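What follows is a set of notes on a single structure, which appears directly below.
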């Protein structure tokens, strides 16, 4: 557990001296605030830096800092953001008239910290030391219901426990989650699924039903999810293994590709697949080539069928998808075929035979002429 010092600030804030210069030139008082201080205390590499200031408007500070860093400051509701060398710098509006009022408006005690550039720490790191997620004030979830999801995400990332009074407060306010923007919830779940202590978070979700306005816990499988995270970090795959609540999945507003992938997982006819012979399994692999590695994990974990998963993997490794690319529209045109729905039939069948090594590359033209001319 690090104790904040000037040397530690210099180490974690590459533009520290620039801030000192701005502070002096504009008679301002600049503070590093929030989660980046928590991460510094936990010896976690800092990728997001949050700052605020007294005696200078945050918009002015952001523009001045942007000029120094030669990066443009993008405006949001109450903050401006600068991206520099994979570092996210948020310059926020002071919450209240002083830094002391500001920290009292932050969500959890692990985040209601501020530190001057002289290493004067405002707030306590006791709950960081003790691994406790505790609300700063009683209306914390009224002001932003997403903080309920954030509390669970912090449990996943840091392995911290949600303090009992905070848990009860969250449960009493969780109906407010229905008004929360889905994209914000999705961002929290993405971070949650990357957490080292994901088991703690999903157990909180199912044990306390804390996200009940959004999620039906009867359609969750924590055990399968925790098996899957050892095999993949793909969010859509993990989500589909964990959650069969299609309303929640639709609510999240996933990318088009993620939605397509989850539809593919959910549409697998396991009974038919289990009874299929090798050739039919090969055709299934061929038609799902871009996703087959993830499907194999889905079969292994979701259907708990190691044998079928291994069989699919072995068949996949025997197939030649590079050779299958030898048949294409240009080849058919050269053979005298005119563009038509027949194109896809010819390409699909011929490519499949090439992939399973029943047709050699040198025999493609002869096979097509014999089969379709």
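Across region 198-224, the number of residues qualifying as in contact (Cβ under 8 Å) with a residue 40 or more places away in the chain and farther than 19 Å from residue 171 by Cα comes to 2.
The residues of region 65-77 that are surrounded by fewer than 18 Cβ atoms within 10 Å (Cβ to Cβ) and either within 24 Å of the chain's Cα centre (by Cα) or under 21 Å from residue 27 (Cβ atoms) (or both), listed by number, are 67, 68, 74, 75, 76, 77.
For (1) part of a loop (DSSP other than H, G, I, E, B); (2) in contact with a helix residue (DSSP H, G or I) (Cβ under 6 Å, 6 or more places away or on another chain); (3) crowded, with 19+ Cβ neighbours inside 10 Å, each residue gets a yes or a no:
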{"position": "238", "(1), (2), (3)": "no, yes, yes"}
{"position": "241", "(1), (2), (3)": "no, yes, yes"}
{"position": "263", "(1), (2), (3)": "no, no, no"}
{"position": "272", "(1), (2), (3)": "no, no, no"}
{"position": "281", "(1), (2), (3)": "no, yes, no"}
{"position": "307", "(1), (2), (3)": "no, no, no"}
{"position": "310", "(1), (2), (3)": "no, no, no"}
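Scanning region 90-111 for residues that are touching a helix residue (DSSP H, G or I) at 6+ places or on another chain (Cβ under 9 Å) and either part of a helix (DSSP H, G or I) or in contact (Cβ under 8 Å) with a residue 60 or more places away in the chain (or both) yields 106, 110, 111. What single numbered condition from (1) surrounded by 20 or more Cβ atoms within 10 Å (Cβ to Cβ); (2) in a helix (DSSP H, G or I); (3) touching a helix residue (DSSP H, G or I) at 6+ places or on another chain (Cβ under 7 Å) fails to hold for residue 62? Condition not satisfied by residue 62: (3). Scanning region 127-139 for residues that are touching a strand residue (DSSP E or B) at 6+ places or on another chain (Cβ under 8 Å) and outside any strand (DSSP E or B) gives 127, 131, 134, 136.
Residue 215 satisfies every condition listed in (1) in contact with a strand residue (DSSP E or B) (Cβ under 8 Å, 6 or more places away or on another chain); (2) part of a helix (DSSP H, G or I) except (2).
Only the coordinates and a few stated rules stand behind these numbers; no lab work does. As the structure is a prediction and not an experimental result, all values here were calculated from the model. Cβ coordinates were reconstructed from backbone atoms using ideal geometry, including for glycine residues, and neighbour counts include every protein chain displayed.
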